[in-house]
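Asks: Let me give you the structure first, and then I'll get to my questions.
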Amino acid sequence: MIVQRLALFDLDNTLIDLDAAFKLWASEFADDHGLGPAAVDWLLAIDRAGNPHRAEFFTMARERFALADSVEELWARYRTRMPHLVRCPAEVLTGLAALRTSGWSVGIVTNGMADNQLGKIQRTGLADVVDAWAISGAEGIRKPDIGLFDIAAKRCGKSLADGGWATGDNLISDIQGGNEAGLRTIWINHKASSNPDHAAHQVVSRIEDAIRLLLTI
């Protein structure tokens, strides 16, 4: 079966290195509040422990460090700052542009608050090299719901019924969601972990490898 040239990508820790940006933010946050290096370690540990929702994360941080600001204020400042800290490698931007030149329609499908995610897409230059995006906070549905994939596909001028590819680092939201949407999937296995139960059609260790794979199809 011929699959149309539709490539949908996750954003955080797929197209951009959110973990690296979070480390920068944690250091700034600790400095701004006079918390010291031990606080940075705590913030990073909590983030790694299942990546809690940011409302929950800032509730925990506020209680831990007895901060005067509300959870909503802390979270809002985080969303404002993060787009300035994230980076998209030049090789990724070039690769996405090459996909489009080769006839692919390219979209981003991401969970997260609309202001935060849109800021990342715009400030990293991704807005200039993709055709469309769908952000859960703007649409009211989250991956793995196939509805978010459907919105992105339609904004790319495509239909999920004709297939395509979904790429991401999360086995539930990206791979399970992509499979349920009728797409072929590429799992970005950053940690090179052995997971025989994954349902991805392809596995790579870096987003650059995923783009190169698609360029050969």
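Readers should treat all values here as calculations from the given coordinates under stated rules, not as data from a laboratory. What you are looking at is a predicted structure, and each value in this text was computed from that prediction instead of being measured.
Asks: For helix 18-32, report the angle its Cα long axis makes with the longest principal axis of the Cα atoms of the chain; keep it between 0 and 90° and round to the nearest 10°.
Replies: The answer is roughly 20 degrees.
Asks: Excluding same-chain residues fewer than 8 positions from LYS143, which lysines have a Cα within less than 17 Å of its Cα?
Replies: Result set, ordered by chain and number: LYS154.
Asks: Measure nothing but the geometry: give the 0 to 90° angle between the long axis through the Cα atoms of 114-123 and the longest principal axis through the Cα atoms of the chain, rounded to 10°.
Replies: 70
Asks: Sequence gap at least 6, Cα distance under 8 Å: using those rules, report the relative contact order of the range 104-217 to the nearest whole percent.
Replies: 18
Asks: Next up: Add -39500 (n - 2.57) for each DSSP H run of 4 or more in the chain, then divide by its residues: what number comes out at 222 nm, to the nearest 500 deg cm²/dmol?
Replies: The per-residue figure over the chain is -14000 deg cm²/dmol.
Asks: Counting only C-alpha contacts under 8 Å and six or more residues apart, can you give the relative contact order of the range 20-81 as a whole percent?
Replies: Worked out over the range 20-81, it gives 26 percent.
Asks: Related question: What base-10 log of the normalised intensity I(q)/I(0) is obtained for the range 1-144 from the Debye formula, alpha carbons as equal point scatterers, at q = 0.18 Å⁻¹?
Replies: Rounded to two decimals, the profile gives -1.05.
Asks: Taking only Cα atoms of the range 107-160, what ratio of Rg to Rh do you get with Rh as the Kirkwood inverse-distance radius?
Replies: Taking Rh as the inverse mean 1/r over Cα pairs, Rg/Rh reads 0.95.
Asks: Nearest 10 degrees, 0 to 90: what angle lies between the long axis of helix 37-48 and the longest principal axis of the chain (Cα atoms)?
Replies: So the inclination is approximately 40 degrees.
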